[in-house]
Amino acid sequence: MFCESCALRASCTKPCPDVEELLPQDHTARMVRAYATRGADFLRALERRHQEVLLMLDYRTLLRGRMRQVFDLKYIEGMTQEQAAIKLRIARRVAGIYLQRAHERISKLMSAQHHAH
């Protein structure tokens with residue numbers, strides 16, 4: 001990922017535009033605060049999470065119905081769980097359940113593929 005090869009990594013004081021693009025705008029202030037308090041640890045955690053999301057996206061076509069809709073709104077459109085729930089006119093808790101089920105399904109699919117090789 002870009003942080004690993006960045007020439008400014010040792011001296012940077014705020015997330016660069018490439019990092020900011022990974023998250024929706026309403027998360028930028030939270031990200032800046034997290035970076036200010038945790039620095040390089042935060043960047044490593046962000047990189048790990050980014051890689052996890054990229055892996056999950058490989059399996060999104062296997063999700064169906066509302067599970068897929070909530071997953072896409074969160075990970076492709078960059079919405080929060082609450083925003084996705086409002087858009088789909090479902091309860092936030094229900095959106096969370098769909099998202100949890102999507103994660104569980106993807107984990108099972110990834111595990112099955114890993115054991116097949």
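The values are calculated or read from the model by the stated rules, or taken from the named source; none is laboratory data. Since the model is a prediction, treat every value here as computed from it, not as a measurement. For neighbour counting, all protein chains shown are included, and Cβ atoms are generated from backbone atoms with ideal geometry for every residue, glycine included.
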Unmet criterion (only one of (1) in contact with a Gly (Cβ under 9 Å, 6 or more places away or on another chain); (2) modelled with pLDDT under 85) for GLN81: (2)
Breaking point among (1) in contact with a helix residue (DSSP H, G or I) (Cβ under 6 Å, 6 or more places away or on another chain); (2) exposed (fewer than 14 other Cβ atoms within 10 Å of the Cβ); (3) of a type outside the set (Val, Ile, Thr), for GLU77: (1)
